[in-house]
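Structure first, then comments.
The values are calculated or read from the model by the stated rules, or taken from the named source; none is laboratory data. The structure presented is a predicted model; accordingly, all values stated were derived computationally and were not measured. In this analysis, Cβ positions are derived from the backbone assuming ideal geometry, glycine residues included, and neighbour counts consider all displayed protein chains. Surface areas here come from the heavy atoms of the whole protein model, side chains and all, with no ligands, DNA or RNA. Shrake-Rupley method; radii C 1.70, N 1.55, O 1.52, S 1.80 Å.
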Amino acid sequence: MSNKIKIILIAAIAVSSVACTNIGTDEKESGDYYEKSVTFPQNASLEEKLKLTARLVPDSQQFKWQKLEMTAFIHFSINTFTDMEWGNGDESPELFYPADFDAEQWARIISEAGLKMIVLTCKHHDGFCLWPTRTTNHSVKYSAWRGGKGDVVREVKDACDKYGLKFGIYLSPWDRNASTYGENEAYNNFFRQQLKELLTWYGKIDEVWFDGANGEGPNGKKQVYDWGSYYDLIDTNQPQAVCAIMGEDIRWVGTETGYGRETEWSATALAPGGRKSNRENNERLGLKATGDDLGSRNIIQKADKMFWYPAEVDVSIRPGWFYHSNEDDKVKSLEELVDIYFSSVGRNAVLLLNIPPDTRGLIHENDALRLKELRDYLDSTFEDNIAYRAFTKHRGARKSMDGNYETYMYIDEFPAQIEFSIPFPQECNVFMIQEYIKKGQRIEEFMLEAFINDEWLELGTSTTVGYKKMLRFDKISSDRFRLTINKSRDNAMLNEIGLFLAPPLLPGNE
Ligand code: FUL
């Protein structure tokens with residue numbers, strides 16, 4: 001045997017044995033996991049901190065929320081009728097008159113688009129309440145709509161129930177109408193009463209959205225919010241609900257553009273919510289929701305505590321959050337929405353897509369059409385997972401090609417290479433990979449290649465995975481693929497990988 005052949009043989013045996021011994025079905029991991037937060041022991045080394053962070057996991061509400069993937073925001077209020085984005089709080093309730101109001105039309109369009117929840121602006125910064133609250137006269141009760149007997153919150157919640165959608169409430173802490181705003185305890189009482197009405201009058205609430213915007217009230221004063229007492233009310237009345245943005249379960253991704261970070265850790269050193277101790281923690285570490293890096297090794301090194309605090313990407317289908325007739329022709333294009341989908345759901349976040357109903361009280365035809373186009377596009381992209389037809393020699397790898405979130409391939413040494421082949425070459429341009437986050441988020445770097453013209457060609461490379469990561473690449477055709485997990489904070493658990501062919505977005509554009 002020539003030396004050259006000997007070297008090739010030895011190299012081939014080495015590659016296949018590295019790959020085989022580390023990729024299996026048998027999980028050898030034991031020990032504790034930490035729900036929602038983990039505190040590091042004093043003087044912990046970076047390695048120890050990384051291992052603890054790798055075992056940080058979502059609680060069951062956070063996990064259920066993450067699986068929704070795509071949800072809808074509805075901005076609808078007095079602003080819809082005044083053509084404003086931020087009302088002053090002095091608008092007459094009589095302006096609110098959606099003559100053809102139909103919450104079932106909203107729920108039908110939204111559920112057909114594949115969005116799983118509606119989060120409704122029950123009260124925006126102007127203080128106008130979409131339900132007949134007992135706390136103020138600034139509400140639907142003092143409008144002529146439904147003879148003052150209407151309740152938008154009730155009708156939207158009923159429509160959500162009918163169409164199998166979850167229901168969330170947006171309640172702006174900032175209130176430009178409330179006379180007590182800025183008189184701390186008096187307003188905190190008023191706000192708690194409003195929150196309690198919403199939490200107790202309408203059945204199950206799945207998400208509570210507290211906006212971070214905090215300006216002055218009608219008397220020029222700023223309010224100090226009693227966040228802890230708001231969270232207690234939610235825990236008491238709707239313990240299954242997640243609380244977003246200024247809440248302690250769901251993090252604002254930091255932009256309103258629809259784009260999440262490529263490196264998106266759900267395990268962050270950014271402490272959640274508005275409590276004083278958490279705000280101080282963030283000031284000490286110099287962290288903000290808008291920061292570029294919330295969970296890298298550098299940040300972990302400086303932190304005392306880590307949190308499971310996953311990202312939500314909120315963005316409007318139009319330029320404004322509220323409806324403006326002069327934006328009827330500015331509904332985002334299918335191309336933009338698809339890009340947003342891959343940059344939010346495809347980057348370990350949940351998409352909260354705002355669709356603002358018009359002055360009739362209906363979702364405008366242009367928005368409805370675009371949502372249908374988006375659904376059709378995603379259905380045709382994801383209807384066939386080529387990886388389901390793959391053969392692989394790695395024990396356990398099939399467990400991440402079976403469509404079952406609860407089964408996963410376990411990898412305990414890095415770099416790890418998983419090679420798989422399909423019966424005949426197929427075209428694809430999208431790669432999807434998911435970590436089993438019930439045991440933490442761990443992968444720090446991965447790469448996908450395809451065997452084309454006798455060599456391995458890199459299709460894409462990225463950093464974090466988390467609940468879901470998707471990569472798009474130019475269409476190729478191959479029957480052999482190779483996934484490399486280069487770096488991970490601990491053993492990796494891949495519950496799903498997928499290869500798909502997305503249709504061209506513009507005719508002739510491949
Ligand atoms: C912001 C608000 O000021 C906007 O009006 C909108 O509601 C957006 C979702 O959040 O903070």
Part-to-part distance (alpha-carbon centres) for segment 460-510 and segment 258-301, which is given in Å: 27 Å
So who's got an amide H within less than 5 Å of the one on Ile452, skipping anything under 5 residues away but keeping other chains? H placed 1.01 Å off N, in plane. Leu457
As computed over segment 284-326, the Cα convex hull volume per residue (Å³): 111 Å³
Taking segment 167-299 and dividing mean pair separation by its residue count, relative contact order in percent (alpha carbons under 8 Å, at least six apart): 23 percent
Whole-number Å³ per residue for the convex hull built on Cα positions in segment 330-458: 159 Å³
For segment 410-510: span of alpha carbons on each principal axis (Å, largest first): 43, 30, 21
Please say if segment 252-336 is rounded, prolate or oblate, where rounded means a/c under 1.5 for a ≥ b ≥ c the square roots of the C-alpha gyration tensor eigenvalues, and otherwise the choice is prolate for a/b larger than b/c and oblate otherwise? prolate
Principal-axis tilt of helix 3-22 within the chain, Cα atoms, nearest 10 degrees: 40 degrees
Overall form of segment 136-206 per C-alpha gyration tensor (a/c, 1.5; a/b vs b/c): oblate
Can you give me the Cα centroid spacing of segment 186-214 and segment 305-377 in angstrom? 24 Å
Does anyone have the angle between helix 334-344 and the longest principal axis of the chain? Alpha-carbon axes, 0 to 90°, nearest 10? 70 degrees
Using 0.36 nm per residue of separation minus the Cα-Cα distance, give me the extension gain between Tyr388 and Glu48 in nm, one decimal. 118.7 nm
Would you calculate, for the chain, the mean residue ellipticity at 222 nm contributed by helices, counting each DSSP H stretch of 4 or more residues as -39,500 (n - 2.57) and dividing by all residues, to the nearest 500? -8000 deg cm²/dmol
Quick one: go through segment 162-189 and flag any residue whose amide nitrogen is under 20 Å from the point 7 Å out along the Cα-to-Cβ line of Asn219. 173-189
In Å, the C-alpha Rg and Dmax of segment 87-171 are 13.2, 37
At 1.4 Å probe size, with every protein chain present, just tell me what the per residue accessible area of the chain comes to in Å². 41 Å²
For segment 274-398, the spread of Cα positions along each principal axis, largest first, Å: 52, 51, 19
Using a 1.4 angstrom probe and counting only protein chains, how large is the accessible area of Tyr377 in Å², to 10? 20 Å²
Amide proton proximity set for Tyr34, modelled H, under 5 Å, gap of 5+: Leu56, Val57
Could you state how much accessible area His364 has, in square angstrom rounded to the nearest 10, with a 1.4 Å probe and all protein chains kept in place? 30 Å²
Rounded to whole Å and sorted largest first, list the principal axis extents of the Cα atoms in the chain. 93, 59, 32
Full-stretch length increase - Gln301, Lys475 - with 0.36 nm per residue and alpha-carbon distance subtracted: 58.6 nm
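Which order do the peptides 469-475, 431-437, 38-44, 314-320 take when ranked by the mean count of other beta-carbon atoms within 10 Å per residue, highest first? Walk me through the intermediate numbers first.
Values: 469-475: 16.7, 431-437: 23.4, 38-44: 12.3, 314-320: 20.3.
Packing proxy ranking, top to bottom: 431-437, 314-320, 469-475, 38-44.
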Kirkwood radius from Cα pairs of segment 353-393 plugged into Stokes-Einstein at 20 °C, 1.002 mPa s, gives D in µm²/s equal to 165 µm²/s
I need to check one value: relative contact order of segment 211-267, counting alpha carbon pairs closer than 8 Å and at least 6 residues apart, in percent. 21 percent
